[in-house]
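The values are calculated or read from the model by the stated rules, or taken from the named source; none is laboratory data. Keep in mind that this is a model prediction, so the values were computed, not measured. Positions of Cβ are generated from backbone atoms using ideal geometry, with glycine treated the same way; all protein chains shown enter the neighbour counts. SASA here: full protein model, heavy atoms, side chains in, ligands and nucleic acids out. Shrake-Rupley method; radii C 1.70, N 1.55, O 1.52, S 1.80 Å.
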Amino acid sequence: MARVEVRGLSKRFGGFQALDEVGLTAREGEFLVLLGPSGCGKTTLLRLIAGIEEPSRGEVLIDGRVVNDVPPRLRNVAMVFQSYALYPHMTVRENIGFPLKMHHIPKAAAAGKVEEAAGMFGIGGLLDRRPRELSGGERQRVALARAVVRNPSVFLLDEPLSNLDAKLRVSAREELRRFQRRIGVTTIYVTHDQVEAMGLGDRIVVMNRGSIRQVGEPREIYERPADTFVAGFIGSPPMNLVEQGDRLVGFRPERFLPAALTPKADAVAWSFDVTWVEDLGAERLVYGTLGGKASEGRVVSRIPASVPIAIEAGRAYPFSVDRVDLRWFDRATGLRTEGGAP
Amino acid sequence: MAGIRKTARRATLYGRLSAFVVFSAFPFYWMVIATFKRDHDLYAPANNPFVFNEPPTLDHLRTLLFDTHFLTYLGNTFRVGLAVSAITLLLAVPAAYSLARWAKRWGEALGIGIFLTYLVPSTILFLPLSRFTAGWGLQNSLWSLILVYPTFTVPFCTWLLMGFFKAIPRDIEEQAMVDGLSRLGALVRVVLPLSISGLLTVVVFSFTLSMHEFIYALTFISDSAAKTVSIGVPTELVRGDVFQWGPLMAGALIASIPVAVVYTFFLDRFVSGFTMGAVK
Amino acid sequence: MTGQDDGGGIRDRAGTLAVLMIAPAIAYIVAMIGVPLLLAINYSLSDATTGDPVHHYAGLVNYRSALADPVFRLALKNTFVFALVSQSIVIVLSRVLASALSMPFRGKWAVRFLIMLPWTAPIALGAIGWLWMYDSIYSPFDWLYRRAGLLGKPGDPFGPMTNIYWLGRPTLAMASVVIVHVWRLLPLATVIQLAGLSAIPGEILEAAEIDGARGWRKAAWITIPLTLPIIGIAFLFGIIFTFTDMTIVYILTRGGPVNATQVLATWTFFKGIEGGDLAQGAAISLFMVPVLAGIAALLLRMARRAEVT
Ligand SMILES: Nc1ncnc2c1ncn2[C@@H]1O[C@H](COP(=O)(O)OP(=O)(O)O)[C@@H](O)[C@H]1O
Ligand SMILES: [Mg+2]
């Protein structure tokens, strides 16, 4: 277990600024998720922490020690690449045992550890196969087993579930979480999938264009996004944002409901011109505009199936949001501002 | 109707292929005939030259193997090939890796530059290089060839290996570095084992190209004990002014076929070096 | 080896390693290709001979005397003729051969092996085979012509003599050399073209057939345009190999009869090595440079275009 910290970390590729002054701490034993759209620099940040890439500026610290000049092999981190990067010319057993061999662990002890790691991920029966004879899910487990086998102090996982099919991804997510809890190793996990991030992370770091937009617990990120980027990136569909003077008002689609369902006292009401209704079974997604504001105010409402009110496209309905569920953002900076309605 | 068309198309195909096979392989068939023909049959203008008019004989083979330096030439060729392969590997592997992985902007340019040096022909270089080898006292020494042959193997093999190395996913090396290897260690322990077929290709080309080489050998070596097959056979198997066609053809045949077999296996890789990315 | 140290040694520094690893190859190439090339230029501007390599600057004398020499001019012309004629033939034949080889048929490996022999076997030895086939007395071609009544009696179309003397008559000797060049380069051009053909996505060909293109129309509108860059590459490499080749002429004719088949490469050898006139030899060989540079530039452009697409 270790504390991982980066300070003022920047990385340039030629003229392109991939990371800009990133500062971040992963606490001991924490499951920290780096979340952001593809190309925002998540992998780059992970590679800088692993030591595969050298920072243009800034420091990486592991347990308080600056490791900028320490090569990857001596940082005691384990990494799982998005591609899994299994050694194609080695069997599963040799793949998992490779880090031990490189660290001169005696053969007998190593063999035991390999069996143990393989057992942990239920791949004990595959030890003599080659990577190309494995399914995607099996490869992912081999990569994880290889990562845990030498008790690293940090796990770096780069979108380890993105190559799995949707169903497998859900069960793998759960397994991964349980396993991390059990061994309690500090884990930094990269994903562009917000559902994965919400489900897995102790804390989430939301990144965009090479810098950090918000760090916080999943609930906090969801409820109190730091800016319009985070508001628009998290949630599916994301937060509605509507112009209101020099500010933007935001509200989650599931909070934007027929007026009959919200207590009158402290609600803000709108007339909702419905243009399209999608019935997804468990819920309905209702698209439309807020009365009078025409196209600029396109919003979505998410109504659970338990609400029986009939809604049709082409008509207007009274909708409202509880005042406590409104979020306000500065129009110019996009940052969230405290305070209620004008 | 369709059946007839199909048959006709097949017939055209086989006809074409046969014509080409005859054109390409006839000289070698000609070598086979001469190798086993008795002199009396061989040197008779009236005899049908395409068949054995008298029973075949092993006399020419015997002459070639026991009365000429042919085996010495083979031995020399083998030694030169081996040494050139080793030097080529030593120079081209690190260079190609460095260009493929680490050199960013100048890598591509330098790689193409190295490939272009392959286009500098031996027919320009042999004059100045003959002064070099003379200056180093290497005339009539196999060392002159061993030192000079990498001028055509190194550029070409560096270029070929760059392709091999680029095809190995970077992730795998980086994984190896996280797993406990240095950058150099990752190259030796992970990348090289994964590029075995590339390394084998380099060895095969260094060997075959060395064996094919004619001009440098002709220029640097006049002592018959130091000749390679490529010059030994055409220059030495002549008695006075008279060509000894039987042993000559036997020598050409024996030296050609094994190298051709090996080369054929690797031909596609060789060609991939020429297509320069025009074929993906 | 690992684990004891905690700093990154040289083994971990990519920048340093990159330079260290490429340095030997570059040093070798500079020393054994770059320096000799400069030396060749230097010789060509001097009065050096093999007996007396200590040389004095002589200006363009060697180039001027080369150009004044009719044998040189003949060699220059022959070099172009051999390369262009043989490679034009090779491009056409290799196209036909490559499409035949791209069809499925039994015994492909053996056919391929036999067809590739001229390229895969050492050319000096292959040329020796041809020398025997062009023999002034025992040529099998002559035997066939005599048998067919085309040669050997007064009034026969190929003359009354018993033999054709393939390498003994200037024009025939040139044709003989061209044939061997074609024979030698055909396999290389064929495999390059095969690589081009196999890179055409099958769907494009199927779409073309659905659109009604078959046979020569498919070739003219689909396969040839699509493989044009690769045809160009085969042609340019063929030119380089034939343009700079000395082995075939050296073995078949040594430039004869009376220099009728002399090329730059052989003339360089005879002047520079056998004649010992380093300066003159170097000047002759350097006449190849403009053509080679032009081809190199074309290849570069093709490589760059391939990168873009
Ligand atoms: N080695 C490199 N050279 C140049 N640009 C790079 C390199 N690695 C990453 N980048 C660029 O940096 C940006 C961030 O990449 P990355 O960290 O891989 O993003 P992601 O968040 O999708 O993992 C991307 O725009 C990518 O193109
Ligand atoms: Mg990524």
Scanning for something more than 13 Å from chain B (Cβ to nearest Cβ), touching a residue at least 60 places away in the same chain (Cβ under 8 Å), closer than 25 Å to A:Leu176 by Cβ and not in a loop (DSSP other than H, G, I, E, B), does the stretch A:16-23 turn up at least one residue?
yes
Of the listed residues (A:Leu164, A:Leu176), the one being more than 16 Å from ligand 1 (Cβ to nearest atom), without any contact (Cβ under 8 Å) to a residue 60 or more places away in the chain and assigned to a loop (DSSP other than H, G, I, E, B) is A:Leu164
Among the residues of the stretch B:243-274, write down those that are outside any helix (DSSP H, G or I) and without any contact (Cβ under 8 Å) to a residue 60 or more places away in the chain.
B:Phe243
Matching residues in the stretch C:252-285 - criterion: being within 7 Å of chain B (Cβ to nearest Cβ), crowded, with 22+ Cβ neighbours inside 10 Å and out of contact with any Phe, Trp or Tyr (no Cβ under 6 Å at 6 or more places or on another chain):
C:Ala265, C:Thr268, C:Gly272, C:Gly281, C:Ser285
Subset of the stretch B:179-210, residues of a type in the set (Asp, Glu) and on the phi > 0 side of the Ramachandran plot, comes to none
Just give me the residues in the stretch C:147-160 being surrounded by 13 or more Cβ atoms within 10 Å (Cβ to Cβ) and among the hydrophobic types (A, V, I, L, M, F, W, C), in sequence order.
C:Leu150, C:Leu151, C:Phe158
Can you list the helices (runs of 4 or more DSSP H) lying wholly within the stretch B:94-176 that have 3 or more residues being of a type in the set (Gly, Ala, Ser) and within 9 Å of chain C (Cβ to nearest Cβ)?
B:122-135
Give the number of residues within the stretch A:181-204 that are more than 12 Å from A:Ile234 (Cα to Cα), of a type outside the set (Ser, Thr, Tyr) and within 16 Å of ligand 2 (Cβ to nearest atom).
2
Selection within the stretch C:53-82 - away from every other protein chain (no Cβ under 12 Å) and not in a helix (DSSP H, G or I):
C:His56, C:Tyr57, C:Ala58, C:Gly59, C:Leu60, C:Asp69
Only one of (1) over 19 Å from C:Tyr250 (Cβ atoms); (2) within 14 Å of chain B (Cβ to nearest Cβ); (3) in a helix (DSSP H, G or I) is not met by C:Gly152, so which one is it?
(3)
Looking at (1) closer than 20 Å to C:Leu236 by Cα; (2) touching a residue at least 12 places away in the same chain (Cβ under 8 Å), find the lone condition where C:Val96 falls short.
(2)
Please find, among A:Val22, A:Val80, A:Val92, A:Val67, the residue that is away from ligand 2 (no atom under 16 Å from the Cβ) and closer than 25 Å to A:Arg203 by Cα.
A:Val67
If we ask which residues in the stretch C:165-201 are open to solvent by 10 Å² or more (accessible area, probe 1.4 Å) and either charged (D, E, K, R) or more than 10 Å from chain B (Cβ to nearest Cβ) (or both), their number turns out to be 13
Take B:Ala226 and decide whether it is more than 9 Å from every other protein chain (Cβ to nearest Cβ), touching a helix residue (DSSP H, G or I) at 6+ places or on another chain (Cβ under 9 Å) and on the phi < 0 side of the Ramachandran plot.
yes
Within the stretch A:15-30, take every residue that is within 25 Å of A:Ser162 (Cα to Cα) and near ligand 1 (Cβ under 10 Å from one of its atoms) and give me the one that is surrounded by the fewest Cβ atoms within 10 Å (Cβ to Cβ).
A:Ala18
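Open to solvent by 10 Å² or more (accessible area, probe 1.4 Å) and part of a helix (DSSP H, G or I): which single residue out of C:Leu117, C:Leu93 fits that description?
Only one candidate passes the filter, namely C:Leu93.
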Please give the helices (runs of 4 or more DSSP H) falling wholly within the stretch C:241-292 in which 2 or more residues are under 26 Å from C:Asp47 (Cα atoms).
C:264-269, C:278-286
Among what's in the stretch B:35-51 and is modelled with pLDDT under 85 and of a type in the set (A, V, I, L, M, F, W, C), pick the residue that is surrounded by the most Cβ atoms within 10 Å (Cβ to Cβ).
B:Leu42
Output for Cβ contacts, cut-off 6 Å, separation at least six or different chains, first residue free of Cβ contacts under 8 Å to residues at least 12 places away in the same chain and on the phi > 0 side of the Ramachandran plot in the stretch C:278-305, second of a type in the set (Lys, Arg) and buried (at least 17 other Cβ atoms within 10 Å of the Cβ), reads none
